[in-house]
Structure formats: C-alpha cells, structure tokens
1. Determine, for each peptide in 193-201, 299-307, 92-100, the mean count of other beta carbons within 10 angstrom over its residues, then list the peptides with the highest first.
2. If the label point is 7 Å along Cα→Cβ of residue 215, which residues in region 252-291 have backbone nitrogen under 16 Å from it?
3. Tilt of helix 54-66 relative to the longest C-alpha principal axis of the chain, in degrees (0 to 90, nearest 10)?
4. Measure off 7 Å from each Cα along the Cα-to-Cβ vector at residue 55 and residue 332, then give the distance between these two points in nanometres to one decimal.
5. By how many degrees, 0 to 90 and rounded to 10, does the Cα axis of helix 146-158 deviate from the longest principal axis of the chain?
6. Just grab the label-to-label distance for residue 284 and residue 300, each label 7 Å out from Cα along the Cβ direction, in nm (one decimal).
7. Would you mind getting me the FRET efficiency between residue 179 and residue 15? Use the beta-carbon distance for r and R0 = 41 Å, nearest 0.05.
8. By count of other Cβ within 10 Å, fewest leading, how are 332, 207 ordered?
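No value in this document is a laboratory result; all are computed from the given coordinates. What you are looking at is a predicted structure, and each value in this text was computed from that prediction instead of being measured. Neighbour counts run over all protein chains shown; Cβ positions are idealised from the backbone, glycine included.
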Ligand code: SAM
C-alpha cells in the first residue's frame with residue numbers, strides 16, 4: 001500500500017526536511033510561573049487522566065525510533081515534578097541505549113538527583129535560567145528558587161554532566177545582564193543559549209518591543225568579549241548559532257526564531273502531555289495520538305501512519321509568524337502545555 005510503502009526508517013516532509021528529533025512533554029504541571037510562559041488567561045491544567053502514562057510515552061518513543069528519529073528531548077511543564085520521572089528515564093535508556101536523550105528542566109528540583117541521573121546514563125541537561133539575580137529570578141518566575149538552580153548547575157558540573165543554560169532574551173528585563181552571563185560562561189564550562197522571546201500562547205504578555213534580538217545580543221556581546229563561530233554548530237546544536245568566547249570554557253549560543261528563522265532546517269516534532277502531535281510550534285493544528293494509544297483495536301502501525309502522514313505536511317512556521325496580524329500570539333497554547 002502507498003502509505004505503508006512510505007513508512008521507511010526516515011521521516012521526510014514535502015519540503016525535503018528530514019525529521020529526526022522528537023520533543024515529548026511529560027507534564028503540563030510546573031512549579032514556576034515564568035512571565036513569558038504565563039497566560040493572562042490563567043493556568044488551566046489538564047485532567048490527570050488525559051496525561052499520557054509512562055508506558056504510553058515509552059510506546060511513542062519506540063515508534064519514533066522505528067521511524068528513524070534519533071534524538072528525543074523530554075520536557076514539560078517541569079519534567080522533574082512528575083512522580084517517578086527518574087525511573088521513567090531509566091526505562092527509556094534501558095530500552096534505547098543509543099538514543100540521543102536530552103532533558104529540559106528549570107533545575108529547581110534536582111537537588112540530590114544528579115548522581116542518579118548520571119548513573120542511569122543521562123549525559124547533559126538544558127537548564128532554564130533567565131537572570132543571575134535572585135530578586136529578578138523571583139520577579140520572572142514568581143518563585144524564590146534562584147539558589148536551588150545555581151546549586152543544581154554546580155552539582156551537574158561536579159558530576160560531569162554537560163550543562164546548557166537557556167535564557168529567554170527579554171528586552172527591558174535581562175538585557176542588562178549579558179556581561180554577567182558571559183562571565184559565567186568564561187568561568188564555567190557551560191553553554192549559554194539566548195532564545196528570542198516568542199509570541200506563544202493566548203493572552204501572552206509578548207510585545208514586539210520586548211524582543212531582544214539575536215543581532216543586538218551578538219553586537220553587545222562583542223563589546224565585552226571576542227567571539228568565534230563554532231563550526232560544529234549545524235550537526236549538534238540545531239537552531240542555535242554557537243560561538244566560542246575567547247578565554248572562556250563555555251560558549252555563547254543564539255536561537256533566533258523571530259529575527260532569522262530556521263524553519264528550512266526544522267527537524268522536529270512535538271508531542272504534548274496529552275498526546276497531541278504538533279508538527280510546528282507555531283501551528284495549533286494537532287493530531288490526537290492518545291485515542292490511538294488507548295484503543296484496543298488500533299496499534300503501533302496506526303500510530304506510525306499518523307506520524308508519517310502528519311510529518312509530510314509539516315508547515316513552515318515562519319509563514320505562520322509572518323501571517324500574524326492583530327493577534328497577540330501566533331498560536332493559542334502556552335509553552336507549558338506544548339512542551340518548550
Ligand atoms: N520547565 C522546563 C524549563 O523551564 O526548562 C521545561 C519547559 S519550558 C516551557 C522550556 C523552554 O521554553 C524554556 O527554556 C523556556 O525558557 C522556553 N520558553 C517558554 N516560553 C517561551 C517564549 N514565549 N519564548 C521563548 N522561549 C520560551
């Protein structure tokens with residue numbers, strides 16, 4: 001059959017992009033209330049029974065690897081808030097020892113868990129940290145957990161776990177801290193990744209004048225340090241443009257979804273905590289996988305089929321962004337419900 005014939009070990013779309021990277025969100029719950037993630041509409045949590053079980057997540061990862069996807073990022077919400085998350089990670093790595101498994105976390109709940117992560121084979125963490133000032137941390141996230149995140153970064157480095165620090169670049173909020181962040185990457189072997197603020201989620205507080213652009217970040221950084229492009233960037237860093245900082249142990253990375261999109265290289269699929277497949281961050285078009293996962297009649301072949309067909313018509317997100325008119329957001333769902 002035509003569809004089955006298309007199910008090869010690599011996923012490609014009609015724009016010729018090959019899709020090899022799954023971002024799977026294991027929960028929409030989070031212990032922070034970051035202003036860029038927050039919706040003025042308030043927080044609406046998914047009912048527990050709608051959230052995929054770990055077995056269902058494992059099934060999706062198995063299908064993804066069968067389809068040739070080699071990288072899986074687990075995210076949320078805050079993934080470490082979910083009960084037994086480390087045991088789940090252990091299962092993922094036990095079943096897929098060669099998977100390029102990544103995690104994105106706010107780092108607040110890692111105390112005491114890092115040796116366990118290391119021992120089950122986790123090699124790196126992306127930790128979100130938008131400021132190096134305790135009071136500002138509280139203003140951005142709504143919680144006073146700055147010390148916990150800094151301790152988590154130190155513990156990761158002590159245990160030889162690689163750390164990338166994700167910073168949402170917010171004009172008027174953290175654009176006065178670039179020098180301090182660069183100093184951190186000079187002193188510690190951590191990669192910084194400044195991400196332009198995106199208009200995601202209904203009633204987002206996003207405004208165009210709050211976008212601290214990639215160009216401004218790079219121009220300003222060059223006032224403090226010498227930067228040299230890192231030439232392994234395409235292979236390992238996805239959309240991040242990476243730069244060595246002279247005299248530094250870590251690097252500076254820039255992710256510019258707003259000012260210079262990278263849709264032509266996008267190799268991602270996202271699955272929300274309630275099992276909806278999103279082929280583009282900026283499109284609210286979703287494919288419901290949970291009923292298939294829970295059906296007694298439909299099985300893995302049906303899941304594969306949906307993922308293959310949906311992937312083929314993966315949109316170009318930047319077309320959606322540029323089509324944004326009076327709407328304050330390009331898509332309705334907030335990041336914590338999609339999985340950032
Ligand atoms: N709780 C985890 C964390 O804090 O890293 C994972 C979920 S969080 C939604 C994932 C990432 O999305 C974070 O790095 C966050 O900074 C980023 N993010 C959320 N909303 C964003 C927005 N509107 N623009 C740019 N980045 C955003």
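1. Averaged packing, sorted descending, gives the order 193-201, 299-307, 92-100.
2. Inside the label zone: 255-262.
3. 80 degrees
4. Label-label distance for residue 55 and residue 332, simple model: 3.2 nm.
5. Once rounded, one gets 80 degrees.
6. If labels sit at residue 284 and residue 300, their model points lie 3.5 nm apart.
7. Given R0 = 41 Å and the Cβ-Cβ separation, E is 0.55.
8. Going from sparsest to densest Cβ surroundings: 207, 332.
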